[in-house]
1. Using a 1.4 angstrom probe on the protein heavy atoms only, could you order Trp294, Trp114, Trp305 from most to least accessible area?
2. Quote the accessible area belonging to Thr192 in square angstrom, nearest 10, computed with a 1.4 Å probe and with ligands, DNA and RNA left uncounted.
3. Can you pull the accessible area of Glu303 for me, 1.4 Å probe, Å² to the nearest 10?
4. Considering only protein heavy atoms, what per residue accessible area in square angstrom results for segment 202-359 with a 1.4 angstrom probe?
5. Quick one: order Phe333, Phe182 from most to least accessible surface, probe 1.4 Å.
6. Averaged per residue, what accessible area in Å² does segment 84-164 show with a 1.4 Å probe, protein chains only?
7. Show the residues, 5+ positions off or on another chain, whose built amide H is closer than 5 Å to the amide H of Thr302.
8. So what are the ³J(HN,Hα) numbers for segment 214-229, from phi and the Karplus equation (6.51, -1.76, 1.60; θ = phi - 60°), rounded to whole Hz, Gly and Pro as x?
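The values are calculated or read from the model by the stated rules, or taken from the named source; none is laboratory data. The shown structure was predicted, so the numbers you read here are calculated from the model rather than taken from an experiment. Here Cβ is always computed from backbone atoms with ideal geometry, including for glycine, and neighbour counts include all displayed protein chains. Only protein heavy atoms, including side chains, enter the accessible area calculation; ligands, DNA and RNA are left aside. Shrake-Rupley method; radii C 1.70, N 1.55, O 1.52, S 1.80 Å.
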Amino acid sequence: MRVPARLSNTQKAVCWGSAHVEQGRAYSTAADSGCFVNSLRLSRAQALTDGDSEPWSPFNGSGLVPEVPTAIMWLIEEAEARFANHTGLDLDLALQLAQLNSVAYCHAENVAAWNCTRCHRRATGFLPEAVVFDLGWDLFGYAGYSPALAAMVVAFRGTDSHSLYNWAENMRYWRTDLHVPFPDAENALVHTGFFVSYNNSSLEPNMTAAVRAMAARHPGAPLYAIGHSMGAAMATIAALDLKFKANLSDVRLVTFGSPRVGNDVFARFLQSQTTMSVRFTHDRDIVPAWPPTWVGFHHVATEIWQVDFGLGSVLGVCDDSGEDPRCHNSVCFLGLCTSISDHLLYLGAHMYNDQLAPC
């Protein structure tokens, strides 16, 4: 039985399994098939699994997501030009970075050997430089070089999913209370906990040493700082910290499900110091709603909002403010963004370590 996914004739889809595109509609002929919908003009359907039998889930069935044709049609109308021209990011690169971030949830020894179950497909050939797990701070990250991207990468995992709701709820009481010690960052404030977690743990010395070593071997290579959840906050701090400590000229920040890290001055400062700043949100993900703006926090731009509907997802590129009222903020008023399941899945990549199928 074929199940249509409501595609317009101008939309395309990235499909896997038995799914395919026909006359502007995405069809699925098996339970483990589907289409990742986006408004970019793709020349053909491309398999997300690259022949692998494990499907990439494009949605999680959040029941409160608005229908695309009525509430968020602007995503489709604007996203094509903005995604390609406004962010410097394309879909293939976004999917690759999402998978690399997903690897950060795997066991440290498997990441170091690059033989985890997520260390293939779009992550094949990655060369790990350092793998850091700080048990005292419960923080994990890794650094390495991607020949496919011709770039250095530092990646950070987030908070244990079992304590995620309580962690997110606690953020409502946080404040922007620390001046960041970077040049020309006057009045740029962040939450002390984020800054101290990165700089007082074993992340900072090991990531700094790894990036300096890679930069010496690959002069001029860009650095991608990527992270999810609490790891997104670590990536945000690390992007600036590594830029100055490793004397880098091309630092690119891409995060998934990030909380607000600092105030509006910090957000503008970060954008001025990075060559790319992209922040993915997903449906009603609980974490990007916190800490709240009314205590001084402000998101960094540019947000890309992933909205699920039917068998697919639409990516909307938001404005330069960091707090676009049409994007994630539009469904988070009155505390309505409470979804943990939306937080654990980004661009089809699992942002957690599945206990039933550990990686």
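1. Ranked from most to least accessible, the order is Trp294, Trp114, Trp305.
2. Using a 1.4 Å probe on the heavy atoms, I get roughly 40 Å².
3. In the full protein context, Glu303 sits at about 10 Å².
4. Roughly 29 Å² per residue, with all protein chains present.
5. So, going from the largest accessible area down, we get Phe333, Phe182.
6. Computed with neighbouring chains in place, this is 37 Å² per residue.
7. Amide H neighbours of Thr302: Ser277, Val278, Arg279.
8. So the Karplus estimates, Gly and Pro as x, are 5, 5, 5, 7, 10, x, x, 5, x, 10, 9, 9, 10, x, 10, 6 Hz.
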